[in-house]
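A quick write-up on the structure given underneath.
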Amino acid sequence: MNRAAGATRATPWLFLAPALLLLGTFTLVPMLRAAAWSFTGADLLDVEGARWIGAANYSDLLTDPRFRRAFFNTALFALMVVPAQAALAFFLALWVNRPEPHWRWLRTAFFVPVVVSMPVLAVLWTMLYQPLRGDQMGLVNALVAGLGLPAQDWLQNPRLALPAIAFMSVWQGVGFQMMIFLAGLQNLSKDQLEAAQIDGAHAGQRLRHVIVPAMRPSIVFVLTATLILSFRLFVQPYLMTRGGPADATVSLIQYVYETTFLGRELGRACAGAMLFLLLVAGLTLLQRLCAREERS
Amino acid sequence: MKRARGWLVAGATAALFLLPLLWMLHASFRPEAEVFAGGFRGLFSLRGLSLDNYASAWRRAALGVGLFNSFLQVAGILGLGLLFNSLAAFALARFEFAGRRLLFGLVLVLLILPVEVLAVPLLLTVRDLGLTGGYARTLAALVLPFAVKAFNVYFLRQHFLALPRDLEEAAVVDGAGPFRIYWSVALPAIRPALATVLVLDVLAHWSDFIWPLIVCTRAETRTVQLALANLFTQPPIQWGDILACAVLVTLPVLLVFRLAQRHVVASDLGAGIKS
C-alpha cells in the first residue's frame, strides 16, 4: 500500500496530522509543563511568577504526612482490590464459559455494574452503607442484621471505610476482568477448554496444571491493569467519604486535586502528579518484564 | 434435575449480584420517608410507589440540560475520535515512512498515561487557549483533549494490520487513492473494532467526573454526573430525588450497551493482551 497509487511522502503525515496536533497540544505539552512546574513554587493563579526551587516540592511531599497517608491508603486499596477482583473474575469466567443461552444472561448480569457510571455507584453505595437509625437502615446493614451480626456505620468508621469502598469497587469492576478472562479462555484449545469446566474429580489439579499456565498472559494483564486502575482511585472516596473519616480514605489523586484547588500550590501538585506517573510507569514496566520472561 | 439446579444457582447469583441496582430502581419510586425503611423487607414493599421523585429530580438537578450537555460531550469525543484515531491508526498500519516506529512507540507510552495525572496541567493549557467560561468553550474543553486516545489508535491499528491485503489491492487496481481506500475499503472492514471502541468510549466518557468537575464552572455547562453529585452534596438532601436522578443518568448507557452488545466481541476486549 505504501507504494500505492497516489500515495506520496506527505500522505502518512496528512493522515496523522489531526491526531498529532491534539496529542501534542493536550497531552505532551501539558505533561512537559507539569514536569517543569514541579521544580518551581508555581501558584495556580500566578503561574508566570513561579521561581525555580529545585527538588524542594518532591522532598516536601515525601515528608508530608498527608501525602504519605494518601499513598498508604491508595496502596492498601490496591492490595485489597487487585487479588480479590482478579481471583473472583477468574472463577466467574470459568463458571460462565459455557455455550447455553442462560449462561450468556449470567455473563451479562456480571457485566452490568461495569456499564453503570462510577459516580452513580458511589452515590448508590453511600446509601447502601447507611447506618442503622430506628427502623431505617441501608441494605448492607439489613443483610448483616439478617446474618445476626451487629450493624455498622461503614463509611464513618476509620477502620471500615476503605474496605467498604474496596468491596464496592470489586463488585463494580469484576465483570470487566471476567470478560478478559473469557476472551483468554476462548483462545484455549478444545481439550484445555473441556478441562476448564470445573465440575468433577481432580478439578483443582486440572486448574493448576492446565488452565492457569495456559491463561498466564491474561492473568498478568488483568493483574497489572487492575493494579494501575486501582491506583487511580478518586471518585468513590471523593463522593462517599470526602477522604474521611480522619483521612482514612484520602487518595493520591484527591491529594493532588486538593493541593491544586484548595491550596493553589500548583508546583507541589505537579510534583505529586509526576510521582504518580513514575509509579504507574514502574508498574507497567513490571508487567512488560513479566510478559517477556513468559515468552522466553 | 442437575440442570434445574444449575439454573437456580445461576439465577440466585445473578439476583444477588444485581441486588444493589434492583434496590436503586425500587427505592427510586418510594416516598422520601421510606427509602431506608424496613430493612430487607422494605425491598418487597409496594406501598406509595410513585413517579414524584423523578419529577422533582428532573427539576432540581436540571437534568434536561445535563443530559443534553453529556450527550454533546460524548458525541463530540466519539465523532472526532473515530475519524482522527482511525486515520492515525491506518497510517501506522499501512504506510512506510521515516519515524513510524518512533510514533508507534509514543502511542505505546501514552497508553498508560492516566487522565487524572493530566487534569491539573491540562486545565492551564485549556485556560491559555481560552477554552474556559462560555458554553461553547467549555464544550470544546470537554471534547478536544480526549478525542484522540492512544488505546484507540493502537487497537484500530491492530485491526487494520489484520485485514487481508487483497481487498485494498483490488481497490488500487481500480484507481482508488489512499484516502478512498481508507474510507471505503478499510474502515468498513473493521466495523466490529469500531463498535468496540465506540462502546468503550461511551462508557468511559458518560461517567467522566474529575475533568468536568474542573472545567464545568457554570450551572448551564454541567454534565449529568455533576448534576447528580450536586444533588448528592447540596442540602437539602432528598434521597428519593438522588435515586431517581441516578436511575435517569444510568438509563442512556444501559440502552447503548443493550443495542451494542451484539456488535462487541468479547475477544476484542482482550486484544491488547498478547502483544
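The values are calculated or read from the model by the stated rules, or taken from the named source; none is laboratory data. Note that the coordinates shown come from a computational prediction; the quantities given were computed from them, not determined experimentally. No Cβ is skipped: glycine too gets one built from the backbone with ideal geometry, and neighbour counts run over all protein chains shown. Surface accessibility is based on the protein's heavy atoms, side chains included, excluding ligands, DNA and RNA. Shrake-Rupley method; radii C 1.70, N 1.55, O 1.52, S 1.80 Å.
Annotations for the structure displayed:
- Summed over region B:81-91, the residues that are open to solvent by 10 Å² or more (accessible area, probe 1.4 Å) and either in contact (Cβ under 8 Å) with a residue 60 or more places away in the chain or closer than 22 Å to A:Arg288 by Cβ (or both) give a count of 3.
- Filtering region A:19-49 to residues that are open to solvent by 30 Å² or more (accessible area, probe 1.4 Å) and farther than 17 Å from A:Val256 by Cβ leaves A:Leu20, A:Leu21, A:Thr25, A:Leu28, A:Val29, A:Leu32, A:Leu45, A:Asp46, A:Glu48, A:Gly49.
- Scope region A:144-162; condition loosely packed, with under 14 Cβ neighbours inside 10 Å and in contact (Cβ under 8 Å) with a residue 24 or more places away in the chain; matching residues: A:Pro158, A:Arg159
- A residue that is within 11 Å of chain B (Cβ to nearest Cβ), more than 26 Å from A:Thr226 (Cα to Cα) and of a type in the set (Phe, Trp, Tyr) can be found somewhere in region A:13-21.
- Residue in region B:140-149 that is more than 22 Å from B:Leu72 (Cα to Cα) and within 10 Å of another protein chain (Cβ to nearest Cβ) present: no
- Residue list for region A:252-282, filter: at the interface with chain B (Cβ under 10 Å from one of its Cβ atoms), touching a residue at least 24 places away in the same chain (Cβ under 8 Å) and over 17 Å from A:Ala70 (Cβ atoms): A:Leu266
- Test: residue in region B:129-139 that is within 12 Å of chain A (Cβ to nearest Cβ) and part of a helix (DSSP H, G or I): no
- Residues within region A:227-265 that are buried (at least 19 other Cβ atoms within 10 Å of the Cβ), not in a loop (DSSP other than H, G, I, E, B) and not hydrophobic (A, V, I, L, M, F, W, C), tallied: 10
- Screening the candidates B:Trp206, B:Trp211, B:Trp239 for the property of being aromatic (Phe, Trp, Tyr), surrounded by 21 or more Cβ atoms within 10 Å (Cβ to Cβ) and farther than 30 Å from B:Leu49 by Cα yields one hit, B:Trp211.
- Considering residues of region B:7-28 that are without any contact (Cβ under 8 Å) to a residue 40 or more places away in the chain and more than 8 Å from chain A (Cβ to nearest Cβ) only, the residue surrounded by the most Cβ atoms within 10 Å (Cβ to Cβ): B:His26
- Among the residues here, B:Ala229 qualifies as closer than 30 Å to B:Ser28 by Cα, free of Cβ contacts under 8 Å to residues at least 24 places away in the same chain, assigned to a helix (DSSP H, G or I) and not acidic (Asp, Glu).
- Region A:96-107 - residue that is free of Cβ contacts under 8 Å to residues at least 40 places away in the same chain and not in a loop (DSSP other than H, G, I, E, B) and, of those, farthest from the other protein chains (Cβ to nearest Cβ): A:Pro101
- B:Arg157, sole failed condition from (1) more than 17 Å from the chain's Cα centre (by Cα); (2) touching a residue at least 60 places away in the same chain (Cβ under 8 Å); (3) over 21 Å from B:Val224 (Cβ atoms); (4) open to solvent by less than 30 Å² (accessible area, probe 1.4 Å): (4)
- Test: residue in region B:214-236 that is hydroxyl-bearing (Ser, Thr, Tyr), out of contact with any strand residue (DSSP E or B) (no Cβ under 7 Å at 6 or more places or on another chain), within 12 Å of chain A (Cβ to nearest Cβ) and open to solvent by 60 Å² or more (accessible area, probe 1.4 Å): yes
- Of residues in region B:93-123 being farther than 27 Å from A:Trp37 by Cα and more than 8 Å from chain A (Cβ to nearest Cβ), the one least open to solvent (accessible area, probe 1.4 Å): B:Ala93
- Some residue of region A:124-135 being within 7 Å of chain B (Cβ to nearest Cβ) and farther than 28 Å from B:Ile242 by Cα: no
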